[in-house]
Amino acid sequence: MAPRPRFVTPYLNGRSVRRGRRPGDLTRAPFDGTPLARVVPGTGRELDEAIGHATAAYQVMRAMPRFQRHTILREAAARIGAEREALAQLMCQDAGKPITLARGEVDRAILTFQWAAEEARRFGTDSIPADVEPRAEGMMSLIERFPIGPIAAIAPFNFPLNLIVHKLAPAIATGNPVILKPAPQAPLAAFRLAEILTLSGLPAGGFQVLHLPLPVAERLATDPRFAMLSFTGSAAVGWHLKSVAGRKRVTLELGGNAAAVVHSDAEDLDRIAARVAWGAFAFAGQVCIKVQRLLVHAPIYQRFVQKVVAATKALKVGDPRDPKTVVGPMIDAGAVIRVQTWVREALDGGARPLLLGRRRGQVLYPTILADVSPKMKVSCLEVFGPVLVVEPYGTWTQALGRVNHSEFGLHAGIFTADIRRVFEAYRGLDVGGVIANDIPTVRLDHLPYGGIKSSGFGREGIRNAMEEMSEPRILIVNLK
């Protein structure tokens with residue numbers, strides 16, 4: 001007999017709050033449908049309550065010395081490390097994330113907290129000489145960055161721990177409280193993280209979590225008591241929220257249709273093919289910087305694409321609890337149907353299948369398509385599923401032009417042995433990051449991360465996020 005679903009309630013002011021007999025929204029494991037939790041939606045009144053607690057916590061956190069913020073962040077990292085396997089198993093169940101990838105995500109979350117802890121000790125003070133003109137003779141200046149206030153955060157299902165940590169850790173490091181709306185499909189890691197932060201010494205109200213229905217959730221953007229909105233999710237939702245956010249700061253990370261370019265001088269095509277297959281299909285392609293478009297230099301096109309197909313066939317597909325699995329289930333049936341519909345539309349439009357994935361429950365096997373028109377959804381939109389489109393190119397300049405022929409601009413991966421081509425791509429691609437001799441799926445958590453065009457607004461990455469979450473203030477002292 002399956003265990004009864006756990007009951008999860010809003011986490012407010014340092015504790016889970018249970019009021020009355022409100023029903024919760026049932027969450028299920030994407031792979032086999034096992035009931036996991038009943039998550040009670042927060043109400044508008046509870047959001048008001050949370051904002052009040054965050055406002056009070058802000059007064060405490062902004063006054064915290066740097067060493068205290070550092071200590072909280074280091075303790076959080078240590079506690080997550082102590083729960084590494086439990087958190088990984090939780091994400092494996094809740095999001096259908098293959099267990100090996102889930103363990104890797106926990107490790108990244110630990111490092112993200114550790115980096116934020118170090119930044120908390122050195123970030124935020126600068127000095128520029130004041131007396132560079134006659135009227136400033138005898139003056140000195142100091143520039144310090146100060147926290148901006150309560151931050152509203154909205155996170156997606158695909159990285160249900162580390163993408164939250166990317167919003168939370170910089171906020172703590174700069175002295176800002178956070179109210180989070182986790183992804184409704186996979187919210188459980190967020191609620192456990194809130195408990196961990198309380199145990200780590202974060203003041204009550206410093207991190208609160210509410211599962212919010214959409215009409216209430218929009219207030220995270222519109223309520224003027226928030227100083228900032230940090231959103232990761234779809235482009236349509238993100239740009240809408242920015243349009244109604246008023247004067248608050250907004251950062252958006254909105255995904256894309258990342259390209260990988262493989263030139264004929266690239267070394268070790270077998271290794272590159274394996275990396276491309278992994279980058280296209282790991283976690284069923286539910287990654288915003290997954291390889292969606294593969295551009296291959298014409299002289300090696302046929303040979304290299306055959307290697308990619310073979311490497312894709314070698315990927316383990318199925319139960320995310322199996323450590324060998326790379327391609328697990330999609331998050332829900334609606335996502336499966338959408339991807340299948342886009343693939344059928346491409347086939348009806350003349351695309352040629354090199355590998356056509358079948359469906360088993362919510363598991364969708366990899367699909368590789370050739371002869372795809374740039375206007376087909378599988379090419380020009382974010383597929384966010386296990387689909388890869390391949391095409392040849394003639395010259396390096398043509399390849400870069402095709403990468404840029406997109407409304408998105410998050411990451412691009414390029415493979416070439418010519419350093420001049422690397423810098424030509426670096427200077428000429430309209431993306432937030434160029435990954436040379438690796439796939440666009442690479443993200444290093446301490447570096448700036450984000451995109452241009454429809455892919456986002458602002459940057460994440462620990463120090464960059466801390467700059468977004470703080471404001472400079474000058475002090476000029478007349479010593480005469």
Quick check on the stretch 143-159. Is at least one of its residues touching an Asp or Glu at 6+ places or on another chain (Cβ under 9 Å), farther than 26 Å from Ser234 by Cβ and buried (at least 16 other Cβ atoms within 10 Å of the Cβ)?
yes
*Has the stretch 106-117 got any residue that is buried (at least 16 other Cβ atoms within 10 Å of the Cβ) and not in a helix (DSSP H, G or I)?*
no
Checked pairs for the stretch 125-142, first without any contact (Cβ under 8 Å) to a residue 40 or more places away in the chain and under 29 Å from Arg463 (Cβ atoms), second surrounded by 11 or more Cβ atoms within 10 Å (Cβ to Cβ) and small (Gly, Ala, Ser), C-beta under 8 Å and 6 or more apart or across chains, list as Ser127/Ser141; Ile128/Ser141; Pro129/Ser141
Those residues of the stretch 55-99 which are acidic (Asp, Glu), within 30 Å of Phe31 (Cβ to Cβ) and in contact with a Ser or Thr (Cβ under 9 Å, 6 or more places away or on another chain) amount to Asp94
Sole miss for Arg360 among (1) at positive phi; (2) surrounded by fewer than 20 Cβ atoms within 10 Å (Cβ to Cβ) is condition (1)
Picked from the stretch 425-480 (must be out of contact with any strand residue (DSSP E or B) (no Cβ under 6 Å at 6 or more places or on another chain) and polar (S, T, N, Q)), the residue surrounded by the fewest Cβ atoms within 10 Å (Cβ to Cβ) is Asn464
Just one listed residue, out of Phe415, Phe457, is under 16 Å from the mean Cα position of the chain (by Cα) and of a type outside the set (Lys, Arg), and it is Phe457
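Answer with yes or no whether Arg293 is at pLDDT 95 or above, assigned by TED's automatic domain parsing to the domain that holds Thr441 and surrounded by fewer than 24 Cβ atoms within 10 Å (Cβ to Cβ).
Against the criterion (at pLDDT 95 or above, assigned by TED's automatic domain parsing to the domain that holds Thr441 and surrounded by fewer than 24 Cβ atoms within 10 Å (Cβ to Cβ)), Arg293 does not qualify.
Rundown of residues vs (1) assigned by TED's automatic domain parsing to the domain that holds Ile51; (2) without any contact (Cβ under 8 Å) to a residue 60 or more places away in the chain; (3) more than 20 Å from the chain's Cα centre (by Cα); (4) closer than 27 Å to Ala29 by Cβ, yes/no style:
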{"residue": "Gln185", "(1), (2), (3), (4)": "yes, no, no, yes"}
{"residue": "Ala190", "(1), (2), (3), (4)": "yes, yes, no, yes"}
{"residue": "Gly201", "(1), (2), (3), (4)": "yes, no, yes, no"}
{"residue": "Gly205", "(1), (2), (3), (4)": "yes, no, yes, no"}
{"residue": "Leu210", "(1), (2), (3), (4)": "yes, no, no, yes"}
{"residue": "Val216", "(1), (2), (3), (4)": "yes, no, yes, yes"}
{"residue": "Ala227", "(1), (2), (3), (4)": "yes, no, yes, no"}
{"residue": "Ser230", "(1), (2), (3), (4)": "yes, no, no, no"}
{"residue": "Val237", "(1), (2), (3), (4)": "yes, yes, no, yes"}
Counting only helices (runs of 4 or more DSSP H) entirely within the stretch 28-99, those with at least 2 residues that are on the phi < 0 side of the Ramachandran plot and among the acidic types (Asp, Glu) are 44-61, 84-95
In the set Arg225, Arg192, the lone residue that is more than 20 Å from Pro156 (Cβ to Cβ), touching a helix residue (DSSP H, G or I) at 6+ places or on another chain (Cβ under 9 Å) and basic (Lys, Arg) is Arg225
In the set Val389, Val422, the lone residue that is surrounded by 20 or more Cβ atoms within 10 Å (Cβ to Cβ) and among the β-branched types (Val, Ile, Thr) is Val389
Scanning the stretch 434-480 for residues that are in a loop (DSSP other than H, G, I, E, B) and basic (Lys, Arg), the one nearest to Phe415 (Cα to Cα) turns out to be Arg443
Note: among Ala425, Ala412, just one is over 29 Å from Ile148 (Cα atoms), in contact (Cβ under 8 Å) with a residue 60 or more places away in the chain, among the aliphatic types (A, V, I, L, M) and not in a helix (DSSP H, G or I), namely Ala412
Okay, strands (runs of 3 or more DSSP E) sitting entirely in the stretch 297-406 with 2 or more residues that are within 20 Å of Val262 (Cβ to Cβ), without any contact (Cβ under 8 Å) to a residue 60 or more places away in the chain and assigned by TED's automatic domain parsing to the domain that holds Asp430, I get 352-355, 367-370
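This table checks each residue for (1) crowded, with 20+ Cβ neighbours inside 10 Å; (2) assigned by TED's automatic domain parsing to the domain that holds Thr174; (3) in contact with a helix residue (DSSP H, G or I) (Cβ under 8 Å, 6 or more places away or on another chain).
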site: Arg74; (1), (2), (3): no, yes, yes
site: Leu87; (1), (2), (3): yes, yes, yes
site: Pro98; (1), (2), (3): yes, yes, yes
site: Arg103; (1), (2), (3): no, yes, yes
site: Pro129; (1), (2), (3): no, yes, no
site: Val132; (1), (2), (3): no, yes, no
site: Met140; (1), (2), (3): no, yes, no
- Message: Residues that are surrounded by fewer than 19 Cβ atoms within 10 Å (Cβ to Cβ) and among the polar types (S, T, N, Q): does the stretch 319-326 have at least one?
- Response: no
Checked the stretch 14-49 for anything surrounded by 19 or more Cβ atoms within 10 Å (Cβ to Cβ) and either under 13 Å from His211 (Cα atoms) or among the polar types (S, T, N, Q) (or both); matches are Thr27, Ala37, Val39, Val40, Gly42, Glu46, Leu47
Q) Is it the case that the stretch 326-349 has a residue that's closer than 26 Å to Asp268 by Cα and either aromatic (Phe, Trp, Tyr) or under 24 Å from the mean Cα position of the chain (by Cα) (or both)? A) yes
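The values are calculated or read from the model by the stated rules, or taken from the named source; none is laboratory data. Just so it is clear, the structure is predicted and the values come from calculations on it, not from any experiment. Positions of Cβ are backbone-derived with ideal geometry, glycine not excepted, and every protein chain shown enters the neighbour counts.
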